[in-house]
Amino acid sequence: MPLAVCATPIGNLEDVTLRVLAELAGADVVLCEDTRRTRRLLDRHGIRASRLLSYHEHNEAQRTSELVPRLVEGERIALVTDAGMPGISDPGARLIAAARDAGVPVTVLPGPSAVETALAGTGFDAGRYLYVGFLPRVPAAIVELVNGSRDVTIVAFESPQRLPASLRAIAEDDSERRVAVCRELTKIHEEVVRGTAAELAARFSSPPKGEVTLVVAPSAEVVRDGDDQQAFAAVTELVEAGLPRRRAAEIVARLTGVARNTLYRRTL
C-alpha cells in the first residue's frame with residue numbers, strides 16, 4: 001500500500017475532501033501531529049475506526065525508522081498534520097523521502113492550503129509567487145528577503161507575536177510596498193487586511209490573535225517599470241508599422257498613463 005499524504009482543513013472542518021475522509025477511514029494507522037486535533041476532525045465526520053499515532057517534530061526521526069518497515073510490509077498508513085499539507089512547514093518530508101527511498105509508493109491527496117487561500121483572497125498578482133515558509137526572526141533578514149524578491153508576490157507564515165516587528169521592518173525599507181495580513185483563514189473570525197506596509201504596521205502595532213499568513217505584493221517600482229517597458233514596446237511596434245513616433249507616443253500615453261515625452265525619448 002502507498003503512504004497516503006492527506007491535506008486537512010486549515011480551519012473549517014467542512015473543508016476536508018471526500019477522498020481524504022475515505023483514506024482516513026480505511027487506514028490501519030493515521031499519523032498526526034496532535035492526536036486530539038485529528039480526533040476532532042474524525043469525530044466531526046463520523047470516522048471511528050482509525051488508530052491514531054503521534055508524528056511530530058520531536059519524534060519524527062524515531063517514528064520514521066519505525067514506520068518504513070511497516071510500509072514495506074504493506075500496512076496502510078495515512079499521514080496528516082494539524083492543518084494543511086504534511087511536509088509544507090509541517091512534519092512529513094522525512095517520512096515521505098524515506099518511504100520513496102525504500103521503494104514504497106507515495107500518493108498525495110490534495111486539499112486546503114493556507115498559501116493558496118491567502119494568495120487568492122488578497123487579489124495580488126498570483127502569476128509568479130514565492131512561498132518562503134516562516135519569515136526570518138531578524139528584521140535585517142526580512143528586509144533582505146523582501147528586497148531580493150521585489151518582482152514577485154511573497155507568501156509567508158508569521159507568528160502573531162512577531163508580526164508587528166516584521167511589518168515595521170518591511171515598512172522602514174519600503175513604506176509603500178503593498179501587504180496583506182490574512183488572519184484565521186476559513187474560521188469564524190477570518191480577516192484579510194490590505195494596505196501599504198506603513199498602514200499595516202500602524203494597524204498591527206500589537207500582536208493580533210490567531211494564525212497569520214502574510215502576503216507581500218511586488219514592489220510598486222517594479223510594477224511601474226514593467227508597465228513602462230510594455231508601453232515602450234507598443235510605441236516601437238506602432239512606429240515599425242508606419243505611424244509617426246510622436247503620434248504613436250500620444251496614443252500609447254493616453255492608453256497607459258506613461259508620459260508622452262518619456263515614451264518619445266526612450267524609443268528614439
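Points worth noting:
- Among beta bridges from DSSP that stay inside the chain, the antiparallel ones total about 50%.
- Whole-Å distance, taken between Cα centres, linking the stretch 55-104 and the stretch 11-29: 17
- Using a Förster distance of 35 Å, the FRET efficiency for A259-T186 (Cβ separation, nearest 0.05): 0.20
- Applying the Karplus relation 6.51 cos²θ - 1.76 cosθ + 1.60 with θ = phi - 60° to the stretch 146-155 yields 3J(HN,Hα) values of 5, 5, x, 10, 6, 9, 10, 7, 9, 10 Hz, where x marks Gly and Pro.
- Taken one residue at a time, the phi angles of the stretch 68-80 give Karplus couplings (6.51, -1.76, 1.60, θ = phi - 60°) of 4, x, 5, 5, 4, 6, x, 5, 8, 10, 10, 10, 10 Hz. Gly and Pro are set to x.
- Global form of the stretch 123-209, assessed from the alpha-carbon gyration tensor, a/c cut-off 1.5: rounded
- Fewest-first sequence of V5, V143 by Cβ atoms within 10 Å of each Cβ: V143, V5
- Using only alpha-carbon positions in the chain, the gyration tensor eigenvalues give semi-axes of 47, 22, 17 Å once each is multiplied by 5 and square-rooted (largest first).
Quick note: the coordinates plus some simple rules give every number you see, no bench work behind them. Owing to the predicted nature of the structure, the values given are computational and were not obtained by experimental measurement. No Cβ is skipped: glycine too gets one built from the backbone with ideal geometry, and neighbour counts run over all protein chains shown.
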